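Input: a single structure, listed below in structure tokens.
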Ligand code: 5GP
Ligand code: ZN
């Protein structure tokens, strides 16, 4: 994907604020951060989203996120942390190269990374469960 910005960043063809790197991943600071330290785990190979990324690669992404999360706690003193991973424009994905957001959270950071809960009936939940597992 020669025109993919995250491919270019992940491969080091475009400079970035890299906070972790190994053979398969680069973790960079988001340039429009939700909070101090907001970072993106980028695979060096191009996969559009969770549907495309192989299981072993996404498993490694989770390990990388854990390593970086520990650093966030130790070095930035965050009070909590959100992992966010958007798939598809409807879900808020704007860069179509798989990435995992690591968003350190601080008391009074003013962010809301939440959803509006709905209230399905017990029957509706069972119907959805059956639709997924059936
Ligand atoms: P998405 O909405 O696709 O889940 O997240 C894309 C994220 O990438 C956004 O938080 C945005 O700020 C960040 N971003 C987009 N372009 C660049 C870039 O060129 N460099 C960096 N460091 N972050 C970027
Ligand atoms: Zn890419």
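Relative to the first principal axis of the alpha-carbon coordinates of the chain, what is the inclination of helix 55-71, with its axis defined by its Cα atoms, in degrees from 0 to 90 and to the nearest 10?
Tilt of helix 55-71: around 70 degrees.
Taking the Cβ-Cβ separation of residue 84 and residue 121 as r and a Förster radius of 22 Å, what is the calculated FRET efficiency to the nearest 0.05?
0.15
What's the extension gain from residue 132 to residue 3 if we count 0.36 nm per residue and subtract their Cα-Cα distance?
42.8 nm
Kindly provide the helix-only [θ] at 222 nm of the chain, computed as the sum of -39,500 (n - 2.57) over DSSP H runs of four or more divided by all residues, to the nearest 500 deg cm²/dmol?
On the way: 3 runs with 35 residues, N = 134.
Value at 222 nm, helices only: -8000 deg cm²/dmol.
Among 111-118, 80-87, 14-21, what's the highest-first ranking by average C-beta atoms within 10 angstrom per residue?
Numbers: 111-118: 7.5, 80-87: 15.6, 14-21: 14.0.
Most protected by this proxy first, the peptides run 80-87, 14-21, 111-118.
Between residue 62 and residue 75, what is the label-point separation in nm under the 7 Å Cα-to-beta-carbon projection?
Between residue 75 and residue 62, the label points sit 2.5 nm apart.
To the nearest 0.05, what FRET efficiency results for residue 111 and residue 17 with a Förster distance of 25 Å applied to their C-beta separation?
0.80
Every read-out reported here was derived from the displayed coordinates using simple, explicitly stated rules and does not represent laboratory data. Keep in mind that this is a model prediction, so the values were computed, not measured. Methodologically, a virtual Cβ is constructed for each residue, glycine included, from the backbone with ideal geometry; neighbour enumeration extends over all protein chains shown.
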